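Remarks on the structure that follows.
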Amino acid sequence: MSDRERLIERMKSIMGPKGVVSDHEQLRTYECDGLMNFRVRPTLVVLPETAEHVQRAVQVCHDEGIPFVARGSGTGLSGGALPHEQGVLIVLARMREILEVDIPNQRVVVEPGVINLKVTQEVAPEGYYFAPDPSSQLVCSIGGNVAENSGGAHCLKYGFTTNHVTALEVVLPNGEMVNLGSKSPDPPGYDLVGAFVGSEGTLGIATKITLRIVRQPETVQTLLAAFPSPDDAGGAVSDIIAAGTVPAAAEIMDSLAIEAAEAAVHPGYPDADAILIVELDGPAAEVEHQFDEVVRICEENNSTEIRIAEDDAQRALFWKGRKAAFAAVGRISPDYFVQDGVIPRTALPEVLRKIKQMSDQHGLRVANVFHAGDGNLHPLVLYNGNVEGEAERAEELAGEILVLCVELGGSITGEHGVGEEKKHYMPKMFSEDDLNTMQLLRCAFDPHALSNPEKVFPTPRLCGEVRPGPRRIHPVEKAGLAQVF
Amino acid sequence: MSVSEVVQVSVEDLKNIVGEEHAREAKESDAVDGVTPSFVVEPGTVEEASAVMKLAHEKGLRVTPRGSGTKIGWGNPPSEVDLVVSTARLNKILEHAAGDLVARVEAGVKLEDLQKELSGANQMLALDPPEASATVGGIVAANASGPRRLRYGTVRDLLIGITVVLPNGTVAKAGGKVVKNVAGYDLGKLFTGSLGTLGLIVETTWRLHPVAAASRTVVVEVESPAAAGATVQSLMHSTLVPTMIEVNRPGSDGGGTVAVLIEGIGPGVMAQAVSALEITRHHGTPRVLEGREVETFWDDALKSPWDGDGVGLKVNALPAELPNVLELVSDAAGRNGVTSRVTGHAATGVTLVGLSGGDEEGQAATVQELRDIVGSGEGSVVVVQGSPELKRKVDAWGPVGDALTLMRRVKGRFDPGGLMNPGRFVGGI
């Protein structure tokens, strides 16, 4: 019996034959996540149904020194759930139970495979919702949201996943199970929930997640304004925020993104070089007043047309084009890269000008979609993979945009994560000392680098032992592929 | 290590790094919970701070970081302290990007000074811990908060970037100066509330908020803990967006108040205040405060429930448990011959308890009884002020559950020599 066959048998003994996928063709289903230009087939896939299954599977990996990667719905856009070719892919999609709904304390406890939107659907009759709303919320899982610290269109006002998780049950990479944080506020000790959320699967696997839910606002008002340029739309957003209003959302799309959205889902957007969607929510008297102010500011910034959503149906139509924008770009280009840079909001006009220049230099089109309130840009670099060299040029252009964001004081990722895709850009943002310091946290959780290894950080590192004693030389180190830290 | 054993370091070594004026032998007033250090040093730059930490590391000096010292009594008494590293001179506001609602400041900047600077642009850092002279670095290290946390959250929700000096002198940063950023581990959150046990915080970057144009205060007189709880619940589940919901229970008789601060724009706050009256009138007697009584009321309501030499507890429970917590505090205190006074950020579940009178036995027994009940569920009871004698009888933090081993591993990686604030944190860390 080969090592792989033995591993398959052990996993089957833990979660039954239906919980293990080992057929080579079936494994192809799992070879990538939402970032499809990276593909790796894992050794095998396991589908645990309980936290105990997860714990025992991780224990096996730990005992055998086998890397593992956790995956939720596989919608991530940075290759965070890209399998390891010698590793086990642990798919949490079967752990879909909402374990507890506690309205008096505004908490919901879920398993990691629960779909984001399900949480809101569950508590909506009580007047509540779960605030983080990534565009993939119809399918993405809460466990994935925790790993990636997912945001969404409304996080400017309501924060990211990390602001809405109060406790976690986690299987550590050595197979231990621990409870981090608490349902109640300010648990004593280090904020390991804060450290874990957004760690992209490198610190372990969350098997139970306590979420904070938020009261639905009394009123929501949404407008869609057309502008002669993205600069004007960006100016309107800056003026709205300078006036002391924090909108629930402020989204800009440029002409190429509008064209794509029209082709795909026909939202009936006005013909313009830029559109801005602004949503305000809160107490009615306040929102009404602020909404008038927003309309006035849009007009002052040369808006050519303003539409106000009269009802939920029209609001949904405004959002339909925006939420479908990434996929819609497929209608106007055979291939595209999605980027996720962040800049200080006030640098928006400058960054748009420079992206235009870069786009011209490389002879490639760039569609821009952005969360304008928080400076999170999603430039979509369009290319044709069948044209020799174009994919490489597109990748180069996408990388240059990220470097530009860092130079302007921003970040290489606002919500998609570093994952596999952007790990080589980390040194643009962080020094060697910064990255080594982050590695200390990694070493405390995962000294043998088994949990989603080779992601997030540019150079694989091993952890030195804290205690004196004989040190085994890791094969990777021996081969000169990693340095001991 | 006693003072005599640290002979290999002299105050001159420290002066060589920070200059003649900024290093000295420690005085009794520099004591940390009864433990007197040998030296106090005030680095003026991040480079100096790094050099000081490197020296301490090489010589094995135990270090306590200090801002304004407002929370120097937090946590357990340290096992040893050789060197206090003060951030008093790291007091520069480095950047206020008003258009981006972001500020970058050194750790020794006092919150009140920062707020003054930000108010020029009609902005604020939405943190309001009770200690007005606290530094931002100290606020991060202690995870200090105040009543505004209901609307704006706590340090973990507002801190977007951090620079720290590790115990070996390494300078490292995490986060950045944009609100939305998921690149790398969030070390800012790891250092938040770590009470100086992982390293020295030297620089912080914050998300800011606009200052509201108008406000209204609604105060509800309530007759019992149950009525206080019902009032708070009715507000929590309404569509109002209050900045604060504070409970105040001056004595151990049944009565007290639940006060609501509503902020926003003129017409909005009045409408919300009217709704608050309507919502709460089933549970107590509400009214909207007018004119001068607003300030007088809040000055009194936000006063710390403990005196300079009293015992201060922070009870962290689920908000719906408020009536039980209120009953439990007065029962436990009464049984142990201690007087209690209670305020709290009611809708968040944080209750502040001042104990006075009685002896340390009685105080310790009160803490233990609260822990037996609150701590056995989802909550915790932290002693934030108490004599070293009290803290020898009862741990300042209480149990932290099964994550303690992992916390020790984190500590072991960041501070393998155990030099940072030894013994002050949870589980003897």
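The values are calculated or read from the model by the stated rules, or taken from the named source; none is laboratory data. Quick caveat, the model's predicted, so the values are computed rather than measured. Heads up, the Cβs are rebuilt from the backbone with ideal geometry, glycines too, and the neighbour counts pull from every protein chain shown. We work out accessible area using only protein heavy atoms, side chains counted, and drop any ligands, DNA or RNA first. Shrake-Rupley method; radii C 1.70, N 1.55, O 1.52, S 1.80 Å.
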Roughly how crowded by other chains is peptide B:166-178, in terms of the mean Cβ count from those chains within 10 Å of each of its Cβ atoms?
5
Give me the aspartates and glutamates in straight-line cross-link reach of B:K27: C-alpha distance below 15 Å, same-chain residues under 8 apart excluded.
B:E42, B:D82
Suppose only helical runs count, i.e. DSSP H with n ≥ 4. What mean residue ellipticity at 222 nm does that imply for the protein assembly as shown under -39500 (n - 2.57) per run, divided by all residues and rounded to the nearest 500 deg cm²/dmol?
-9500 deg cm²/dmol
What figure in square angstrom, to the nearest 10, would you give for the accessible area of A:M36 with a 1.4 Å probe?
120
Where does each of A:Y336, B:Y185, A:Y129 land when they are ordered by accessible area, with a 1.4 Å probe and the largest first?
A:Y336, A:Y129, B:Y185
Find the centroid of the Cα atoms in segment A:135-176 and in segment B:146-172, then give the distance between the two in whole Å.
20
Ordering B:R104, B:R292, A:R315, A:R322 by the accessible surface of their heavy atoms, 1.4 Å probe, largest first, yields B:R292, B:R104, A:R315, A:R322
Loop only by DSSP, 13 or fewer other Cβ within 10 Å of the Cβ. Give me the GluC sites (Glu not before Pro) in segment B:282-353 that pass, ordered by residue number.
B:E290
Expressed as a percent, the accessible surface of the protein assembly as shown that is carbon or sulfur, using a 1.4 Å probe and the full set of protein chains, is 48
Where in segment B:187-218 is the amide nitrogen less than 16 Å from a point lying 7 Å along the Cα-to-Cβ axis of B:E290?
B:216-218
Determine, for each peptide in B:22-28, B:188-194, the mean count of other beta carbons within 10 angstrom over its residues, then list the peptides with the highest first.
B:188-194, B:22-28
Rounded to two decimals, what ratio of Rg to Rh does the protein assembly as shown give with C-alpha atoms and a Kirkwood Rh?
0.96
With all protein chains present, calculate the accessible area of B:I17 using a 1.4 Å probe and round the result to the nearest 10 Å².
40
Environment charge at B:A403 (Cβ cut-off 13 Å; Lys +1, Arg +1, Asp -1, Glu -1):
-1
Measure up B:K54/B:K189; B:K71/B:K110; A:K354/A:K428; A:K157/B:K303 against 20 Å on the Cα-Cα distance and list the ones that go over.
B:K54/B:K189; A:K157/B:K303
Given a cut-off of under 8 Å on Cα pairs at least six residues apart, what relative contact order in percent is computed for chain B?
16
Quick one: go through segment A:2-27 and flag any residue whose amide nitrogen is under 16 Å from the point 7 Å out along the Cα-to-Cβ line of A:Q59.
A:10-16
Label chain B by shape, choosing from rounded, prolate and oblate, from the square roots a ≥ b ≥ c of the eigenvalues of the Cα gyration tensor; if a/c is under 1.5 it is rounded, and otherwise prolate applies when a/b is larger than b/c, oblate when it is not.
oblate
Within 15 Å, Cβ to Cβ, of A:A167, how many net charges do the neighbouring residues add up to if Lys/Arg are +1 and Asp/Glu are -1?
-2
Sorted by accessible surface (1.4 Å probe, heavy atoms of the protein chains only), largest first, A:M177, A:M15 come out as A:M177, A:M15
Please give the per residue accessible area of segment B:352-429, computed with a probe of 1.4 Å over protein heavy atoms only, in Å².
36
Charge tally for neighbours of B:K54 with beta carbon under 12 Å away, counting Lys, Arg as +1 and Asp, Glu as -1, is -3
Output the 0 to 90 degree angle, nearest 10, between the alpha-carbon long axis of helix B:404-414 and the longest principal axis computed from the alpha carbons of chain B.
40
For segment A:98-215, what does the alpha-carbon gyration tensor say about shape, rounded, prolate or oblate, given a ≥ b ≥ c as the root eigenvalues, a/c under 1.5 as rounded, and a/b over b/c as prolate?
prolate
If the rule is a partner Cβ under 4.7 Å, which cysteines in chain A fail it?
A:C32, A:C61, A:C140, A:C155, A:C298, A:C405
Interface B-A: total buried accessible area (1.4 Å probe, Å², nearest 100) of 6500
Reduction of at least 50 Å² in accessible surface, 1.4 Å probe, comparing all protein chains with the chain by itself, residues of segment B:390-429
B:D402, B:L406, B:M407, B:R409, B:R413
Rounded, prolate or oblate (a/c below 1.5 giving rounded, otherwise prolate when a/b exceeds b/c) for segment A:10-121 by Cα gyration tensor
oblate
